[in-house]
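Take a look at the structure set out below.
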Amino acid sequence: MSILNAILRRLFDVALFPFRELHPLVGLTVVSLVFGVAVLLVYKATSNQEKLATVKRRIHAGIFEIRLFNDNLRAIMRAMGDILRHNANYLRLSAVPLLWMIVPLTLVIAQLQFHYGYQGLAPGDQVLVKVELAEDWTEGARPKFALEVPSGLAIEAGPVWIPSLHEVNWRISAVEWGDYELTLTTPDGPLTKSVRVSDDVVRRSTHRLAPGFVNQLLYPAEDPLPASSPVQSIILSYPAGNAGITGWESEWTWMLVFFILSVVVAFALRKPLNVTI
């Protein structure tokens, strides 16, 4: 999984590089266009298009039958039963391509989350750095950890040891624009964590976690921690991001914008690409 994530990180970094200084909606629109076309092609290749078209025609026929015989209760009930049966068949036929798309969709969403899901730090911003130890941490005493920061960052407070949570916290501040690495010194060796002080659309890693399939699936933005380390996670609390669209009560999340645009693209291009959905 680590190798796959490294390849995907590089791929998305390169693909989104031209949009890094533009409004987030620009990159999301391009990604949604590509994703919508890819979904259509996968759907067409993995579904039984002929059977889907037949089922849709039968559903439409049932709807027309209800309208035609709207004064015949028996005919209406029969047509409704046929529509329900054909809908169940339609869902069954659609399940196959959806299963094919679940894994790629999860990988794409996970990568995009760390480009669009968090706001960047700016000089003067402060952020919490949380180090979580394994639940079986037995030393009891305060861990002998130290946090080192480069000149573009500064430590404002900490370390604060919370024994009940097996957690050590620091508060750091951004001093200058740039990409940095924190260094956590432990008795088992140094551990690093990336920090990005930038307002561009770039990959920002909130979590660096212990090895594990689920950890790597959900937080692929950075390599896992060494398996032998007592540190289970190093977490940097970037503020939540958005797609830059102001809604009625709050700003739209990038994921909502991405799905809306992808659905619009898929429906707009289904006939030009000759795909029955």
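What single numbered condition from (1) within 18 Å of the chain's Cα centre (by Cα); (2) crowded, with 17+ Cβ neighbours inside 10 Å fails to hold for residue 196?
(1)
Give the residue, chosen from 265, 201, 214, that is aliphatic (A, V, I, L, M), within 30 Å of residue 93 (Cα to Cα) and assigned by TED's automatic domain parsing to the domain that holds residue 148. Walk me through it before giving the result.
On the way: 265 fails: assigned by TED's automatic domain parsing to the domain that holds residue 148; 201 fails: within 30 Å of residue 93 (Cα to Cα).
Sole residue among the options that is aliphatic (A, V, I, L, M), within 30 Å of residue 93 (Cα to Cα) and assigned by TED's automatic domain parsing to the domain that holds residue 148: 214.
May I ask you to verify whether residue 110 is small (Gly, Ala, Ser), outside the structural domain of residue 192 (by TED's automatic domain parsing) and closer than 24 Å to residue 205 by Cβ?
Details: small (Gly, Ala, Ser): yes; outside the structural domain of residue 192 (by TED's automatic domain parsing): yes; closer than 24 Å to residue 205 by Cβ: yes.
For residue 110, the condition - small (Gly, Ala, Ser), outside the structural domain of residue 192 (by TED's automatic domain parsing) and closer than 24 Å to residue 205 by Cβ - is met.
In region 1-27, what residues are modelled with pLDDT of 90 or more and crowded, with 17+ Cβ neighbours inside 10 Å?
Residues satisfying the conditions are 9, 12, 16, 19, 27.
Select from region 213-258 the residues that are surrounded by 13 or more Cβ atoms within 10 Å (Cβ to Cβ), hydrophobic (A, V, I, L, M, F, W, C) and at pLDDT below 85 and list them in ascending order.
Correct list: 243, 245, 252.
Going by the conditions given, is residue 21 of a type outside the set (S, T, N, Q), touching an Asp or Glu at 6+ places or on another chain (Cβ under 9 Å), not assigned by TED's automatic domain parsing to the domain that holds residue 201 and not in a helix (DSSP H, G or I)?
On the way: of a type outside the set (S, T, N, Q): yes; touching an Asp or Glu at 6+ places or on another chain (Cβ under 9 Å): yes; not assigned by TED's automatic domain parsing to the domain that holds residue 201: yes; not in a helix (DSSP H, G or I): yes.
Judged against the criteria, residue 21 is a match.
Could you say which residue among 102, 109 is out of contact with any Gly (no Cβ under 9 Å at 6 or more places or on another chain), closer than 30 Å to residue 54 by Cα and β-branched (Val, Ile, Thr)? If you could, list the steps in order and put the result at the bottom.
Values: 109 fails: closer than 30 Å to residue 54 by Cα.
Exactly one residue qualifies, and that residue is 102.
The values are calculated or read from the model by the stated rules, or taken from the named source; none is laboratory data. Note that this is a predicted model, so its numbers are computed, not measured. As a convention, Cβ positions derive from the backbone with ideal geometry for all residues, glycine included, and neighbour counts pool all protein chains shown.
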